[in-house]
1. Where nothing but the Cβ of Lys and Arg (+1) and of Asp and Glu (-1) is charged, how large is the charge dipole of the stretch 478-528 around its Cα centre, in debye to the nearest 20?
2. Go through 270/310; 226/469; 349/427 and tell me which ones have a Cα-Cα distance over 23 Å in this structure.
3. In Å, the Kirkwood hydrodynamic radius of the stretch 50-114 over pairs of distinct alpha carbons?
4. Loop only by DSSP, 16 or fewer other Cβ within 10 Å of the Cβ. Give me the trypsin sites (Lys or Arg not before Pro) in the stretch 250-342 that pass, ordered by residue number.
5. Mind ranking 156, 488 by accessible surface for me, highest first, 1.4 Å probe?
6. For the chain, calculate the relative contact order in percent as a whole number, restricting contacts to Cα pairs under 8 Å that are 6 or more residues apart.
7. Okay, helix-only estimate at 222 nm for the chain: each DSSP H run of n ≥ 4 adds -39500 (n - 2.57), divide by all residues, round to 500 deg cm²/dmol; what do you get?
8. With all protein chains present, how much of the accessible area of the stretch 83-159 (probe radius 1.4 Å) comes from carbon and sulfur, to the nearest whole percent?
Amino acid sequence: MGKRAVGLFCGFIAICAVLIGRMSVLVMEEDYVTAAKGHSSYSLTLAQTRGKIYDRSGNALAGGFYSYKAVIIPSAQTSAELFNHLSAEELEKISDKLKGKFPFATDVPDGSCESEGITVYRVPKRYSDNGMATHLVGYCGANGGESGIERVYDEWLSSASGKLTVTCRINAAGRSLDAARQEIADNTSNSNRGVMLTIDSHIQNIAETAAAKYIDCGAVVVMEVKSGEILAMVSLPDYNRNDLASVLNDEKSPLINRALSSYNAGSVFKPVIAAAALENGADPLGEYECTGQVKVGSNTMGCINRTAHKNVNMYTAVAHSCNTYFINIAGETGADKILSMAENLGFGKSTQLAENYRSEAGTLPTAESLKNPAALANFSFGQGTLTVTPVQIAAMFAAIARGGEYIEPSVVIGLTDENLNIISTPKKAASHTAMSSETAQILGECLRTAVLEGTAKAGASDKVTSAAKTGTAETGIFKNNRAINQAWYAGYFPYENPEYVCVVLTESGSSGGASSGPVFKEIAERIYASK
């Protein structure tokens with residue numbers, strides 16, 4: 001009897017346990033259903049967009065690219081599938097999410113990994129890994145535009161925001177209720193309006209390709225002569241805006257836009273001296289005897305390697321970059337008149353390329369400092385305290401090519417609507433006459449002589465004519481017992497009917513002709529051939 005009672009009691013307890021367990025399951029399922037009614041979806045943001053940045057033809061420089069993202073429903077099956085498509089490093093980054101319950105999104109190389117539990121979407125991407133005009137366009141951070149056009153037009157670009165989201169149905173535990181049923185909300189088309197730049201992607205590509213072939217650190221500017229619009233702006237080294245962290249501590253400072261930075265000028269500045277002299281009555285055919293050096297006060301100054309150019313006039317002095325000729329003519333012209341010409345040509349002040357977007361100002365020596373004959377002599381061949389930017393040099397050569405009219409360079413055509421119609425244009429500074437057309441013509445002939453028989457021969461081409469000047473500027477800096485010089489080559493083409501100005505700067509170059517001339521030549525030939 002006692003054993004039977006115990007058996008019955010144990011059976012009763014077991015039945016109760018089963019019933020309680022079943023009731024618990026029912027309660028839990030009811031809780032899941034109740035919870036799911038309040039938390040039935042889980043949204044993932046796959047992309048957030050802002051207004052685009054376009055070149056002059058409407059090609060996107062920022063905002064017009066795409067990548068792939070996969071929405072993952074965690075499971076052993078999806079983990080196995082991703083193992084075949086992602087690197088070990090990429091898998092490590094999402095390992096915790098793969099062990100979890102909730103859907104998540106991750107970058108994938110393409111759509112090939114799509115399978116049950118993995119849905120791949122083609123999503124907007126701000127920058128290409130090898131995008132063009134990187135330094136001019138700039139980049140964005142967590143709070144919007146941080147450099148370049150991205151920063152200057154941040155408010156306008158941010159106002160054209162869009163978002164691509166995917167919503168998954170889940171239960172209260174985060175498990176997907178229907179992996180195949182995902183809702184997409186996409187208003188990224190709001191981001192089609194933006195900013196149109198003066199950049200020509202074809203010419204930009206030519207300039208970037210040529211520069212990368214010859215230059216480690218430096219800059220290239222290509223400008224349209226007629227308008228002063230910049231068609232290409234290159235700064236090297238370049239960087240990947242999708243991987244900024246990799247260059248933050250780079251000693252070559254890839255984030256700096258060297259096209260807008262100031263450098264020692266050297267002989268590329270000599271056309272300014274010549275222009276001032278001509279405007280004040282100098283005879284371009286007047287001869288000067290160069291002995292290779294000249295005494296200035298207690299200092300002896302000379303041409304490169306003390307080369308004696310013998311009898312030279314303005315044409316041959318520009319062509320062969322005779323320092324002593326320019327020391328002499330600067331003394332005859334006077335510091336005030338030279339400084340006035342330099343200021344008329346945009347030196348000593350920042351160049352406003354767009355609203356709130358400027359180059360560095362560079363430095364002009366003061367009139368007071370140039371009362372010292374040695375300081376004036378140094379200034380006459382672009383040395384001393386003088387510094388200039390590649391954009392300033394481009395504007396100066398454009399003024400010569402344009403017949404004496406100075407136009408401040410620009411990089412923005414205007415703001416666009418979603419159909420790329422220009423709805424607002426920036427106010428541009430008025431042009432002015434920096435020199436007479438006669439002076440500009442003589443300078444052009446001098447620069448043409450430099451290409452035909454002088455220091456600019458390295459940039460000469462049998463495919464397109466040009467006029468140019470070189471410069472090898474001393475910096476006073478030495479590295480490994482070697483003097484660091486800035487190598488310039490600046491000019492315009494075609495010579496007979498100038499359309500383009502091109503300025504090439506090579507940091508730590510051997511000479512303007514050798515280091516920068518080949519870049520100019522390749523750019524000129526490729527642009528001219530593609531017309």
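1. Magnitude of the dipole: close to 340 debye.
2. On the way: 270/310 19 Å; 226/469 20 Å; 349/427 18 Å.
Exceeds cut-off: none, every pair is within range.
3. Values: mean 1/r = 0.0731 Å⁻¹.
Averaging 1/r across every pair of different Cα atoms and inverting gives 13.7 Å.
4. On the way: sites: 252, 258, 295, 306, 310, 337; in loops: 252.
Answer in residue order: 252.
5. Numbers: 156 65, 488 0 Å².
So, going from the largest accessible area down, we get 156, 488.
6. Working: 1185 pairs, mean separation 73.8, N = 531.
Worked out over the chain, it gives 14 percent.
7. Numbers: 16 runs with 173 residues, N = 531.
It lands at -10000 deg cm²/dmol.
8. Values: 1880 of 4120 Å².
The nonpolar share, carbon plus sulfur, comes to 46 percent.
The values are calculated or read from the model by the stated rules, or taken from the named source; none is laboratory data. This one's a predicted model, so the numbers in the text were calculated from it and none came from an experiment. No Cβ is skipped: glycine too gets one built from the backbone with ideal geometry, and neighbour counts run over all protein chains shown. Side chains included, ligands, DNA and RNA excluded: accessible areas come from the protein's heavy atoms. Shrake-Rupley method; radii C 1.70, N 1.55, O 1.52, S 1.80 Å.
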